[in-house]
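Right, one structure below, let's go through it.
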Amino acid sequence: MSEITEEIKTDLEGQLKTLEASLTGNMMTDMDIRDQIHNIKMKLNGVKPVDSYYECVGCGS
């Protein structure tokens, strides 16, 4: 897996904070936001290769 740079990591963490602050508590409204949060966390935790076409290594979705 490729490593992310500190600049990209800082940017992703900023995006994550912004998205988490925009959650409303309404499941239907928050679904897209939570999906974006999940994708960012996967990138930060190295779950998927940063340059990979696939969002999830395990399921290929």
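Net charge of the neighbourhood of Ile33, taken over other residues with C-beta under 13 Å away and scored Lys/Arg +1, Asp/Glu -1, is -1. Extension gain for the segment Asn26 to Leu44, taken as residue separation times 0.36 nm less the Cα-Cα distance, is 3.9 nm to one decimal.
Ranked by the mean number of other Cβ atoms within 10 Å of their residues, highest first, the peptides 10-16, 37-43, 21-27 come out as 37-43, 10-16, 21-27.
Every number here is computed from the coordinates shown, using simple stated rules; none is lab data. Quick caveat: nothing in here was measured; it's all calculated off a predicted structure. Don't worry about glycine lacking a Cβ; one is built from the backbone with ideal geometry, like all the others, and counts go over all protein chains shown.
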